[in-house]
1. Determine how large the accessible area of B:Ile143 is when every protein chain is in place; take a 1.4 Å probe and give Å² rounded to the nearest 10.
2. One-quarter of the Cα convex hull surface for the range B:80-224, in nm²?
3. On the full set of protein chains, 1.4 Å probe, figure out the accessible area of A:His74 and give it in Å² to the nearest 10.
4. Please compute the length gained on full extension between B:Arg104 and B:Ser207, using 0.36 nm multiplied by the number of residues separating them and subtracting their Cα-Cα distance.
5. Run the label-point distances for B:Glu150 please: 7 Å along Cα to Cβ, every other copy, nanometres, shortest first.
6. Given a 1.4 Å probe and every protein chain left where it sits, what share in percent of the accessible area of the range A:13-75 is carbon and sulfur?
7. Applying 1/(1 + (r/R0)^6) with R0 = 35 Å to the Cβ-Cβ distance of B:Ser11 and A:Ser48, what FRET efficiency is obtained, to the nearest 0.05?
8. I'd like the interface area for chains B and A: accessible area of each alone minus the complex, both sides summed, 1.4 Å probe, protein heavy atoms only. What is it in Å² to the nearest 100?
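The values are calculated or read from the model by the stated rules, or taken from the named source; none is laboratory data. Fair warning: this is a prediction, and the values are worked out from it, not measured in the lab. When we count neighbours, we look across all protein chains shown, and the Cβ atoms used for this are built from the backbone with ideal geometry, even at glycine. Side chains are part of the model used for accessible areas, which takes the heavy atoms of the whole protein and leaves out ligands, DNA and RNA. Shrake-Rupley method; radii C 1.70, N 1.55, O 1.52, S 1.80 Å.
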There are 2 protein chains.
Amino acid sequence: MEVMFERLANSTLRSRIAEQLRDAIVDGTLKTGERIVERKLAAQFGASLAVVREAIIQLEAEGFITKWPNTSTHVIQLSFAETEKIFAVRKVLESFAAEEAARRASPQDIESLQKLFMEIVDAARSQDSRKFVRKDLSFHEKIWQITDNEYLQSALRRVVVPLFAFSSIRVASHRSFDLLQDANTHLPLLNAIKSRDPRAARDALLSALTLWRSETVSVAEETSSQK
Amino acid sequence: MEVMFERLANSTLRSRIAEQLRDAIVDGTLKTGERIVERKLAAQFGASLAVVREAIIQLEAEGFITKWPNTSTHVIQLSFAETEKIFAVRKVLESFAAEEAARRASPQDIESLQKLFMEIVDAARSQDSRKFVRKDLSFHEKIWQITDNEYLQSALRRVVVPLFAFSSIRVASHRSFDLLQDANTHLPLLNAIKSRDPRAARDALLSALTLWRSETVSVAEETSSQK
DNA sequence: AACTTTATTATGATCGATCATAGTGAGTTA
DNA sequence: TAACTCACTATGATCGATCATAATAAAGTT
(Lines give C-alpha, C1' and ligand atoms only; values in the text may rest on other atoms or scores of the structure.)
Protein backbone atom coordinates (compact mmCIF):
# COMPACT_ATOMS: atom_id res chain seq x y z
CA MET A 1 0.00 0.00 0.00
CA GLU A 2 1.17 3.42 -0.99
CA VAL A 3 0.85 6.04 1.71
CA MET A 4 1.18 9.72 0.88
CA PHE A 5 3.56 11.75 2.99
CA GLU A 6 4.02 15.48 3.14
CA ARG A 7 7.09 16.86 1.61
CA LEU A 8 9.77 17.29 4.25
CA ALA A 9 10.63 20.80 5.30
CA ASN A 10 13.38 22.64 3.48
CA SER A 11 16.44 20.51 3.80
CA THR A 12 19.46 22.64 4.39
CA LEU A 13 19.99 24.82 7.40
CA ARG A 14 20.80 27.72 5.13
CA SER A 15 17.53 27.49 3.23
CA ARG A 16 15.55 27.34 6.45
CA ILE A 17 17.32 30.38 7.80
CA ALA A 18 16.80 32.23 4.54
CA GLU A 19 13.12 31.35 4.62
CA GLN A 20 12.65 32.60 8.16
CA LEU A 21 14.45 35.83 7.44
CA ARG A 22 12.49 36.37 4.24
CA ASP A 23 9.21 35.86 6.07
CA ALA A 24 10.30 38.17 8.86
CA ILE A 25 11.15 40.90 6.38
CA VAL A 26 7.95 40.46 4.42
CA ASP A 27 5.63 40.53 7.40
CA GLY A 28 7.42 43.39 9.08
CA THR A 29 9.00 41.53 11.99
CA LEU A 30 12.29 42.78 10.66
CA LYS A 31 11.68 46.38 9.76
CA THR A 32 12.62 48.19 6.62
CA GLY A 33 16.11 49.64 6.89
CA GLU A 34 16.83 47.84 10.14
CA ARG A 35 20.39 46.83 10.71
CA ILE A 36 21.20 43.15 10.69
CA VAL A 37 24.16 41.84 12.65
CA GLU A 38 25.33 38.48 11.43
CA ARG A 39 26.72 37.33 14.77
CA LYS A 40 23.50 38.13 16.60
CA LEU A 41 21.42 36.25 14.09
CA ALA A 42 23.78 33.30 14.27
CA ALA A 43 23.40 33.25 18.04
CA GLN A 44 19.61 33.51 17.78
CA PHE A 45 19.39 30.70 15.28
CA GLY A 46 21.94 28.69 17.19
CA ALA A 47 23.87 28.30 13.95
CA SER A 48 27.30 29.23 12.71
CA LEU A 49 28.20 32.56 11.20
CA ALA A 50 28.89 30.86 7.89
CA VAL A 51 25.37 29.55 7.27
CA VAL A 52 23.80 32.80 8.32
CA ARG A 53 26.08 34.65 5.94
CA GLU A 54 25.14 32.27 3.14
CA ALA A 55 21.47 32.90 3.81
CA ILE A 56 22.05 36.65 3.88
CA ILE A 57 23.95 36.57 0.61
CA GLN A 58 21.11 34.68 -0.98
CA LEU A 59 18.58 37.19 0.34
CA GLU A 60 20.73 40.01 -0.93
CA ALA A 61 20.59 38.54 -4.42
CA GLU A 62 16.83 38.18 -3.99
CA GLY A 63 16.53 41.84 -3.16
CA PHE A 64 15.59 41.74 0.50
CA ILE A 65 18.85 42.74 2.07
CA THR A 66 21.54 45.27 1.28
CA LYS A 67 25.14 44.63 2.19
CA TRP A 68 27.64 47.45 2.50
CA PRO A 69 30.92 45.61 2.04
CA ASN A 70 33.04 45.50 5.16
CA THR A 71 30.62 47.76 6.90
CA SER A 72 27.10 46.64 7.64
CA THR A 73 24.02 44.75 6.56
CA HIS A 74 20.48 46.09 6.43
CA VAL A 75 16.97 45.14 5.49
CA ILE A 76 16.20 46.91 2.22
CA GLN A 77 15.01 50.46 2.47
CA LEU A 78 13.19 51.63 -0.60
CA SER A 79 13.13 55.32 -1.44
CA PHE A 80 10.25 57.02 -3.14
CA ALA A 81 12.03 56.92 -6.47
CA GLU A 82 12.86 53.25 -6.10
CA THR A 83 9.28 52.39 -5.28
CA GLU A 84 8.15 54.17 -8.41
CA LYS A 85 10.63 52.22 -10.49
CA ILE A 86 9.50 48.96 -9.01
CA PHE A 87 5.91 49.75 -9.84
CA ALA A 88 6.83 50.53 -13.41
CA VAL A 89 8.32 47.06 -13.77
CA ARG A 90 5.57 45.44 -11.78
CA LYS A 91 2.97 46.88 -14.13
CA VAL A 92 4.60 45.26 -17.10
CA LEU A 93 5.28 41.93 -15.46
CA GLU A 94 2.23 41.36 -13.35
CA SER A 95 -0.26 42.41 -16.00
CA PHE A 96 1.30 39.78 -18.22
CA ALA A 97 1.06 37.29 -15.37
CA ALA A 98 -2.60 38.12 -14.82
CA GLU A 99 -3.35 37.53 -18.50
CA GLU A 100 -1.53 34.24 -18.50
CA ALA A 101 -3.19 33.14 -15.29
CA ALA A 102 -6.60 33.89 -16.76
CA ARG A 103 -5.70 31.72 -19.73
CA ARG A 104 -4.36 28.78 -17.79
CA ALA A 105 -6.14 28.61 -14.45
CA SER A 106 -7.52 25.16 -13.69
CA PRO A 107 -10.61 24.70 -11.52
CA GLN A 108 -8.35 23.78 -8.61
CA ASP A 109 -6.28 26.89 -9.17
CA ILE A 110 -9.38 29.03 -9.08
CA GLU A 111 -10.55 27.28 -5.99
CA SER A 112 -7.35 27.96 -4.10
CA LEU A 113 -7.29 31.55 -5.30
CA GLN A 114 -10.80 31.93 -4.00
CA LYS A 115 -9.72 30.41 -0.72
CA LEU A 116 -6.76 32.75 -0.42
CA PHE A 117 -9.00 35.69 -1.11
CA MET A 118 -11.27 34.66 1.72
CA GLU A 119 -8.30 34.30 4.01
CA ILE A 120 -7.26 37.84 3.15
CA VAL A 121 -10.72 39.02 4.08
CA ASP A 122 -10.59 37.00 7.30
CA ALA A 123 -7.26 38.49 8.26
CA ALA A 124 -8.66 41.94 7.52
CA ARG A 125 -11.69 41.31 9.71
CA SER A 126 -9.60 40.10 12.60
CA GLN A 127 -7.14 42.96 12.10
CA ASP A 128 -4.25 40.53 11.99
CA SER A 129 -1.93 42.66 9.92
CA ARG A 130 0.92 40.17 9.66
CA LYS A 131 -1.44 37.51 8.43
CA PHE A 132 -3.05 40.01 6.09
CA VAL A 133 0.24 40.80 4.42
CA ARG A 134 1.25 37.18 4.19
CA LYS A 135 -2.06 36.11 2.66
CA ASP A 136 -2.05 39.06 0.33
CA LEU A 137 1.34 37.99 -0.90
CA SER A 138 0.22 34.37 -1.15
CA PHE A 139 -2.68 35.45 -3.35
CA HIS A 140 -0.34 37.19 -5.74
CA GLU A 141 2.15 34.37 -5.69
CA LYS A 142 -0.61 31.94 -6.51
CA ILE A 143 -1.44 33.94 -9.60
CA TRP A 144 2.20 33.97 -10.60
CA GLN A 145 2.36 30.26 -10.06
CA ILE A 146 -0.64 29.59 -12.27
CA THR A 147 1.27 31.07 -15.18
CA ASP A 148 3.47 27.98 -15.04
CA ASN A 149 6.47 30.12 -15.92
CA GLU A 150 9.18 29.91 -13.26
CA TYR A 151 11.08 32.78 -14.78
CA LEU A 152 8.11 35.06 -14.64
CA GLN A 153 7.60 33.95 -11.06
CA SER A 154 11.15 34.58 -10.02
CA ALA A 155 11.27 37.97 -11.70
CA LEU A 156 8.05 38.96 -9.95
CA ARG A 157 9.32 37.69 -6.65
CA ARG A 158 12.52 39.63 -7.03
CA VAL A 159 10.77 42.83 -7.95
CA VAL A 160 7.46 42.77 -6.12
CA VAL A 161 8.00 40.92 -2.85
CA PRO A 162 10.21 43.60 -1.30
CA LEU A 163 7.26 45.96 -1.70
CA PHE A 164 5.35 43.86 0.79
CA ALA A 165 7.85 44.83 3.42
CA PHE A 166 6.35 48.29 3.06
CA SER A 167 2.82 46.98 2.99
CA SER A 168 3.35 45.56 6.40
CA ILE A 169 4.25 49.01 7.70
CA ARG A 170 1.27 50.64 6.11
CA VAL A 171 -1.08 47.85 7.05
CA ALA A 172 0.06 47.80 10.67
CA SER A 173 -0.74 51.47 11.07
CA HIS A 174 -4.29 51.36 9.72
CA ARG A 175 -7.69 50.45 11.11
CA SER A 176 -9.70 47.41 10.11
CA PHE A 177 -11.91 49.47 7.84
CA ASP A 178 -9.00 50.12 5.54
CA LEU A 179 -7.86 46.54 5.63
CA LEU A 180 -11.22 45.29 4.45
CA GLN A 181 -11.34 47.86 1.71
CA ASP A 182 -7.88 46.83 0.69
CA ALA A 183 -8.83 43.18 0.68
CA ASN A 184 -11.64 43.91 -1.74
CA THR A 185 -9.36 45.48 -4.28
CA HIS A 186 -8.45 41.92 -5.17
CA LEU A 187 -11.96 40.94 -6.11
CA PRO A 188 -12.16 42.19 -9.71
CA LEU A 189 -8.94 40.39 -10.51
CA LEU A 190 -10.19 37.20 -8.95
CA ASN A 191 -13.42 37.41 -10.91
CA ALA A 192 -11.65 38.08 -14.18
CA ILE A 193 -9.49 35.00 -13.69
CA LYS A 194 -12.52 32.98 -12.69
CA SER A 195 -14.21 33.88 -15.95
CA ARG A 196 -10.98 33.21 -17.81
CA ASP A 197 -10.91 36.58 -19.42
CA PRO A 198 -7.26 37.58 -19.99
CA ARG A 199 -8.12 41.09 -21.08
CA ALA A 200 -10.30 41.71 -18.04
CA ALA A 201 -7.66 40.22 -15.77
CA ARG A 202 -5.10 42.57 -17.17
CA ASP A 203 -7.35 45.57 -16.73
CA ALA A 204 -8.34 44.56 -13.21
CA LEU A 205 -4.70 44.11 -12.23
CA LEU A 206 -3.70 47.44 -13.69
CA SER A 207 -6.41 49.43 -12.03
CA ALA A 208 -5.76 47.74 -8.68
CA LEU A 209 -2.08 48.48 -9.12
CA THR A 210 -2.78 52.18 -9.44
CA LEU A 211 -4.40 52.03 -6.03
CA TRP A 212 -1.71 49.93 -4.39
CA ARG A 213 0.92 52.14 -5.85
CA SER A 214 -0.37 55.33 -4.34
CA GLU A 215 -0.72 53.63 -0.98
CA THR A 216 2.75 52.19 -1.03
CA VAL A 217 4.40 55.29 -2.35
CA SER A 218 3.00 57.35 0.50
CA VAL A 219 4.64 55.01 3.00
CA ALA A 220 7.90 55.17 1.10
CA GLU A 221 7.84 58.93 1.39
CA GLU A 222 7.33 58.85 5.13
CA THR A 223 9.93 56.24 5.95
CA SER A 224 12.61 57.44 3.57
CA SER A 225 12.78 60.74 5.39
CA GLN A 226 14.26 58.93 8.39
CA LYS A 227 17.27 58.42 6.14
CA MET B 1 45.91 69.43 -6.61
CA GLU B 2 43.09 66.97 -7.09
CA VAL B 3 44.05 63.89 -9.10
CA MET B 4 41.38 61.59 -10.46
CA PHE B 5 41.81 57.90 -9.78
CA GLU B 6 39.91 54.98 -11.20
CA ARG B 7 37.55 53.22 -8.94
CA LEU B 8 39.26 50.19 -7.42
CA ALA B 9 38.15 46.79 -8.63
CA ASN B 10 35.40 44.91 -6.85
CA SER B 11 36.34 44.85 -3.23
CA THR B 12 35.48 41.55 -1.67
CA LEU B 13 37.00 38.27 -2.65
CA ARG B 14 33.56 36.76 -2.96
CA SER B 15 32.37 39.37 -5.44
CA ARG B 16 35.47 38.94 -7.56
CA ILE B 17 35.02 35.18 -7.62
CA ALA B 18 31.34 35.57 -8.47
CA GLU B 19 32.23 37.92 -11.28
CA GLN B 20 34.78 35.58 -12.78
CA LEU B 21 32.42 32.65 -12.60
CA ARG B 22 29.60 34.64 -14.12
CA ASP B 23 31.78 35.73 -17.00
CA ALA B 24 33.00 32.19 -17.53
CA ILE B 25 29.44 30.89 -17.69
CA VAL B 26 28.28 33.64 -20.00
CA ASP B 27 31.11 33.31 -22.49
CA GLY B 28 31.03 29.52 -22.51
CA THR B 29 34.28 28.84 -20.68
CA LEU B 30 32.18 26.95 -18.20
CA LYS B 31 29.76 24.95 -20.26
CA THR B 32 26.05 24.60 -19.85
CA GLY B 33 25.22 21.75 -17.51
CA GLU B 34 28.85 21.27 -16.51
CA ARG B 35 29.43 20.07 -12.99
CA ILE B 36 31.07 22.45 -10.58
CA VAL B 37 33.09 21.11 -7.66
CA GLU B 38 33.48 23.66 -4.90
CA ARG B 39 36.79 22.30 -3.63
CA LYS B 40 38.36 22.37 -7.07
CA LEU B 41 37.28 25.93 -7.65
CA ALA B 42 38.57 26.93 -4.24
CA ALA B 43 41.93 25.40 -5.10
CA GLN B 44 42.01 27.12 -8.50
CA PHE B 45 41.16 30.49 -7.03
CA GLY B 46 43.51 29.89 -4.12
CA ALA B 47 40.67 30.78 -1.79
CA SER B 48 38.76 29.05 0.94
CA LEU B 49 35.76 26.84 0.41
CA ALA B 50 33.59 29.31 2.28
CA VAL B 51 34.06 32.25 -0.10
CA VAL B 52 33.60 30.07 -3.14
CA ARG B 53 30.40 28.71 -1.67
CA GLU B 54 29.20 32.24 -1.00
CA ALA B 55 29.88 33.19 -4.59
CA ILE B 56 28.10 30.08 -5.83
CA ILE B 57 25.07 30.76 -3.67
CA GLN B 58 24.90 34.26 -5.06
CA LEU B 59 25.12 32.97 -8.62
CA GLU B 60 22.44 30.42 -7.88
CA ALA B 61 20.11 33.22 -6.80
CA GLU B 62 21.07 35.06 -10.00
CA GLY B 63 20.07 32.05 -12.07
CA PHE B 64 23.43 30.89 -13.37
CA ILE B 65 23.99 27.87 -11.21
CA THR B 66 21.82 25.07 -9.94
CA LYS B 67 22.51 23.42 -6.62
CA TRP B 68 21.18 19.99 -5.79
CA PRO B 69 21.30 20.04 -2.02
CA ASN B 70 23.82 17.68 -0.54
CA THR B 71 24.56 16.32 -3.95
CA SER B 72 26.12 18.47 -6.61
CA THR B 73 26.39 21.83 -8.27
CA HIS B 74 26.03 22.56 -11.97
CA VAL B 75 26.04 25.38 -14.46
CA ILE B 76 22.41 25.93 -15.50
CA GLN B 77 21.10 23.72 -18.23
CA LEU B 78 18.04 25.12 -19.93
CA SER B 79 15.58 22.78 -21.57
CA PHE B 80 13.59 23.65 -24.65
CA ALA B 81 10.53 24.43 -22.54
CA GLU B 82 12.49 26.62 -20.18
CA THR B 83 13.99 28.57 -23.03
CA GLU B 84 10.54 29.23 -24.39
CA LYS B 85 9.37 30.48 -21.02
CA ILE B 86 12.34 32.76 -20.70
CA PHE B 87 11.63 34.27 -24.09
CA ALA B 88 8.03 34.90 -23.12
CA VAL B 89 9.21 36.97 -20.16
CA ARG B 90 12.02 38.55 -22.10
CA LYS B 91 9.57 39.80 -24.70
CA VAL B 92 7.56 41.62 -22.09
CA LEU B 93 10.51 43.02 -20.18
CA GLU B 94 12.94 43.92 -22.90
CA SER B 95 10.39 45.53 -25.17
CA PHE B 96 9.54 47.80 -22.27
CA ALA B 97 13.23 48.45 -21.73
CA ALA B 98 13.70 49.30 -25.40
CA GLU B 99 10.86 51.80 -25.26
CA GLU B 100 12.22 53.40 -22.13
CA ALA B 101 15.73 53.52 -23.53
CA ALA B 102 14.46 55.26 -26.66
CA ARG B 103 12.80 57.84 -24.44
CA ARG B 104 15.74 58.51 -22.17
CA ALA B 105 18.93 57.91 -24.13
CA SER B 106 21.39 60.79 -23.85
CA PRO B 107 23.84 61.60 -26.64
CA GLN B 108 26.58 59.88 -24.64
CA ASP B 109 24.38 56.81 -24.23
CA ILE B 110 23.78 56.64 -27.94
CA GLU B 111 27.45 57.07 -28.58
CA SER B 112 28.43 54.17 -26.37
CA LEU B 113 25.66 52.00 -27.82
CA GLN B 114 27.02 52.78 -31.24
CA LYS B 115 30.48 51.87 -30.07
CA LEU B 116 29.32 48.60 -28.61
CA PHE B 117 27.56 47.78 -31.83
CA MET B 118 30.76 48.30 -33.75
CA GLU B 119 32.59 46.09 -31.32
CA ILE B 120 30.06 43.36 -31.92
CA VAL B 121 30.68 43.68 -35.63
CA ASP B 122 34.43 43.63 -35.06
CA ALA B 123 34.21 40.49 -32.97
CA ALA B 124 32.06 38.90 -35.67
CA ARG B 125 34.59 39.81 -38.36
CA SER B 126 37.47 38.37 -36.38
CA GLN B 127 35.40 35.31 -35.50
CA ASP B 128 36.16 35.81 -31.83
CA SER B 129 33.07 34.09 -30.49
CA ARG B 130 33.75 34.71 -26.81
CA LYS B 131 34.19 38.38 -27.46
CA PHE B 132 31.14 38.39 -29.68
CA VAL B 133 28.95 37.02 -26.94
CA ARG B 134 30.37 39.36 -24.34
CA LYS B 135 29.89 42.42 -26.52
CA ASP B 136 26.45 41.29 -27.55
CA LEU B 137 25.51 41.07 -23.91
CA SER B 138 27.13 44.42 -23.16
CA PHE B 139 25.03 46.00 -25.89
CA HIS B 140 21.85 44.71 -24.31
CA GLU B 141 22.97 45.62 -20.82
CA LYS B 142 23.69 49.12 -21.99
CA ILE B 143 20.13 49.46 -23.20
CA TRP B 144 18.85 48.18 -19.89
CA GLN B 145 21.06 50.62 -18.10
CA ILE B 146 19.77 53.57 -20.10
CA THR B 147 16.31 52.92 -18.70
CA ASP B 148 17.68 54.10 -15.36
CA ASN B 149 15.57 51.51 -13.59
CA GLU B 150 17.70 49.14 -11.53
CA TYR B 151 14.80 46.80 -10.97
CA LEU B 152 14.16 46.44 -14.64
CA GLN B 153 17.87 45.84 -15.09
CA SER B 154 18.11 43.21 -12.44
CA ALA B 155 15.01 41.39 -13.67
CA LEU B 156 16.41 41.36 -17.18
CA ARG B 157 19.77 40.18 -15.97
CA ARG B 158 18.18 37.40 -13.99
CA VAL B 159 16.05 36.27 -16.89
CA VAL B 160 18.04 37.03 -20.01
CA VAL B 161 21.70 36.65 -19.18
CA PRO B 162 21.56 32.86 -18.71
CA LEU B 163 20.41 32.68 -22.32
CA PHE B 164 23.77 33.99 -23.36
CA ALA B 165 25.35 30.87 -22.00
CA PHE B 166 23.55 29.17 -24.87
CA SER B 167 24.47 31.84 -27.32
CA SER B 168 28.07 31.06 -26.72
CA ILE B 169 27.46 27.46 -27.70
CA ARG B 170 25.63 28.41 -30.84
CA VAL B 171 28.02 31.12 -31.74
CA ALA B 172 31.08 28.93 -31.24
CA SER B 173 29.72 26.36 -33.67
CA HIS B 174 28.96 28.73 -36.54
CA ARG B 175 30.92 30.37 -39.32
CA SER B 176 31.75 34.04 -39.48
CA PHE B 177 29.05 34.61 -42.09
CA ASP B 178 26.42 33.88 -39.48
CA LEU B 179 28.12 35.97 -36.84
CA LEU B 180 28.05 39.04 -39.03
CA GLN B 181 24.46 38.47 -39.95
CA ASP B 182 23.69 38.09 -36.29
CA ALA B 183 25.51 41.26 -35.44
CA ASN B 184 23.36 43.16 -37.88
CA THR B 185 20.15 42.09 -36.25
CA HIS B 186 20.97 44.75 -33.67
CA LEU B 187 21.00 47.58 -36.15
CA PRO B 188 17.28 48.42 -36.39
CA LEU B 189 17.08 48.60 -32.61
CA LEU B 190 20.10 50.87 -32.46
CA ASN B 191 18.63 53.14 -35.08
CA ALA B 192 15.28 53.33 -33.38
CA ILE B 193 16.92 54.37 -30.14
CA LYS B 194 19.09 56.87 -31.99
CA SER B 195 15.99 58.51 -33.42
CA ARG B 196 14.34 58.33 -30.01
CA ASP B 197 11.32 56.52 -31.29
CA PRO B 198 9.96 54.31 -28.48
CA ARG B 199 7.43 52.60 -30.70
CA ALA B 200 10.02 51.75 -33.32
CA ALA B 201 12.43 50.58 -30.65
CA ARG B 202 9.82 48.26 -29.29
CA ASP B 203 9.03 46.86 -32.71
CA ALA B 204 12.68 46.45 -33.62
CA LEU B 205 13.36 44.61 -30.40
CA LEU B 206 10.39 42.34 -30.83
CA SER B 207 11.20 41.36 -34.37
CA ALA B 208 14.84 40.75 -33.52
CA LEU B 209 13.72 38.65 -30.58
CA THR B 210 11.76 36.38 -32.86
CA LEU B 211 14.98 35.68 -34.70
CA TRP B 212 17.12 35.21 -31.62
CA ARG B 213 14.50 32.99 -30.11
CA SER B 214 14.45 30.52 -32.95
CA GLU B 215 18.24 30.39 -32.98
CA THR B 216 18.51 29.84 -29.25
CA VAL B 217 15.71 27.35 -29.06
CA SER B 218 17.35 25.16 -31.65
CA VAL B 219 20.48 24.97 -29.51
CA ALA B 220 18.41 24.18 -26.45
CA GLU B 221 16.88 21.27 -28.29
CA GLU B 222 20.25 19.84 -29.25
CA THR B 223 21.89 20.17 -25.87
CA SER B 224 18.93 19.13 -23.78
CA SER B 225 18.96 15.70 -25.40
CA GLN B 226 22.23 14.99 -23.58
CA LYS B 227 20.10 14.72 -20.45
C1' DA C 1 24.20 -14.56 -11.28
C1' DA C 2 21.43 -11.33 -9.19
C1' DC C 3 20.47 -8.92 -5.43
C1' DT C 4 21.32 -6.97 -0.79
C1' DT C 5 24.27 -5.15 2.51
C1' DT C 6 28.32 -3.01 4.01
C1' DA C 7 32.81 -0.16 3.55
C1' DT C 8 34.88 3.65 0.99
C1' DT C 9 35.16 7.89 -1.04
C1' DA C 10 33.92 12.33 -3.02
C1' DT C 11 31.98 16.34 -1.95
C1' DG C 12 28.51 19.44 -0.20
C1' DA C 13 27.14 21.57 4.51
C1' DT C 14 28.42 23.37 8.76
C1' DC C 15 31.37 24.91 12.32
C1' DG C 16 34.73 27.69 15.36
C1' DA C 17 38.53 30.53 15.04
C1' DT C 18 41.03 34.26 12.98
C1' DC C 19 41.83 38.27 9.95
C1' DA C 20 40.68 42.95 8.38
C1' DT C 21 38.10 47.11 8.17
C1' DA C 22 35.58 50.99 9.72
C1' DG C 23 33.55 53.44 13.19
C1' DT C 24 34.26 55.32 18.21
C1' DG C 25 36.24 57.69 21.69
C1' DA C 26 40.20 58.89 24.51
C1' DG C 27 44.13 61.28 24.40
C1' DT C 28 47.32 64.85 22.33
C1' DT C 29 48.77 68.91 20.14
C1' DA C 30 48.10 73.49 18.29
C1' DT D 1 38.31 74.70 21.14
C1' DA D 2 39.39 72.39 17.18
C1' DA D 3 41.56 69.10 14.76
C1' DC D 4 44.38 65.38 14.39
C1' DT D 5 46.33 60.79 15.99
C1' DC D 6 45.97 56.55 17.81
C1' DA D 7 44.23 52.62 20.47
C1' DC D 8 40.02 49.94 20.92
C1' DT D 9 35.96 47.66 19.63
C1' DA D 10 32.29 45.87 16.83
C1' DT D 11 31.51 43.31 13.11
C1' DG D 12 31.97 41.83 8.39
C1' DA D 13 35.23 38.70 5.53
C1' DT D 14 37.94 34.77 5.19
C1' DC D 15 40.00 30.56 6.57
C1' DG D 16 40.98 25.49 7.80
C1' DA D 17 38.95 21.69 9.83
C1' DT D 18 35.09 18.66 10.58
C1' DC D 19 30.48 16.69 9.85
C1' DA D 20 26.98 14.47 6.88
C1' DT D 21 25.18 12.70 2.73
C1' DA D 22 25.03 10.35 -1.55
C1' DA D 23 27.32 7.96 -5.07
C1' DT D 24 30.45 4.11 -5.76
C1' DA D 25 32.93 -0.02 -4.97
C1' DA D 26 33.50 -4.16 -2.49
C1' DA D 27 31.82 -7.94 -0.05
C1' DG D 28 28.56 -11.05 1.18
C1' DT D 29 24.11 -13.79 0.72
C1' DT D 30 20.57 -16.34 -1.65
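1. Taking all protein chains as shown, B:Ile143 has close to 0 Å².
2. 7.4
3. Number for this one is 50 Å².
4. Values: separation 103, 0.36 × 103 = 37.08 nm, distance 2.15 nm.
Length gained between B:Arg104 and B:Ser207: 34.9 nm.
5. Here B:Glu150 shows inter-copy label distances of 2.8 nm.
6. C and S fraction of accessible area: 51 percent.
7. Working from the Cβ atoms, E equals 0.90.
8. Accessible area lost upon association: around 2600 Å².
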